[in-house]
Amino acid sequence: MQNKLHVRKGDLVQVLSGEDKGKSGKILEVLPKKGRVVVEGINIIKKHTRPTRTNPQGGVIERPGPIHASKVMLICPSCKAPTRVSRRREEGKQVVRVCKRCGKPVD
């Protein structure tokens, strides 16, 4: 069974807790099986790489690491505030995410 998350790739989110609390960024990757998301500029980790043909220099690379999806809150594009999300069924059978603050669709 696939786990549903309240955020998708490309959403603008704000971090609720942890070292990067209060920062916001765009979601680069969603890992639904692990319940985690990778956010641009958040939870920066250092990865040590050895020299290869593609990267002959090697060295230390900084990149964003995954954080738990419950630690991020979606920023509504219409009211520009962090908000909770509900799901509503539109015409036909399409499910749309809706902002709990302003009531407008997020998608």
In order through segment 33-41: 3J(HN,Hα) via Karplus (6.51 cos²θ - 1.76 cosθ + 1.60), integer Hz, x for Gly, Pro
5, 8, x, 10, 9, 10, 10, 4, x
Rounded to whole Hz and in sequence order, give me ³J(HN,Hα) for segment 60-76 from the Karplus expression 6.51 cos²θ - 1.76 cosθ + 1.60, θ = phi - 60°, writing x for Gly and Pro.
9, 10, 9, 8, x, x, x, 10, 5, 5, 6, 8, 10, 10, 5, 9, 5
Placing +1 at every Lys and Arg Cβ and -1 at every Asp and Glu Cβ, with all other atoms neutral, what dipole size does the chain have around its Cα centre, in debye to the nearest 20?
300
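Based on the alpha-carbon gyration tensor of segment 15-68 and its eigenvalue square roots a ≥ b ≥ c, which shape applies: rounded if a/c is under 1.5, prolate if not and a/b is larger than b/c, or oblate? Each step should come with its number before you reach the end.
On the way: a/c = 2.96, a/b = 1.98, b/c = 1.49.
Because a/c hits 1.5 or more and a/b exceeds b/c, segment 15-68 counts as prolate.
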Amide H contacts of Val39 (H built 1.01 Å from N, under 5 Å, at least 5 apart or other chain):
Leu28, Ile67
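Rule-based calculations on the coordinates, nothing more; no lab input. Values in this document were obtained by computation on a predicted structure and should not be read as measured data. Methodologically, a virtual Cβ is constructed for each residue, glycine included, from the backbone with ideal geometry; neighbour enumeration extends over all protein chains shown.
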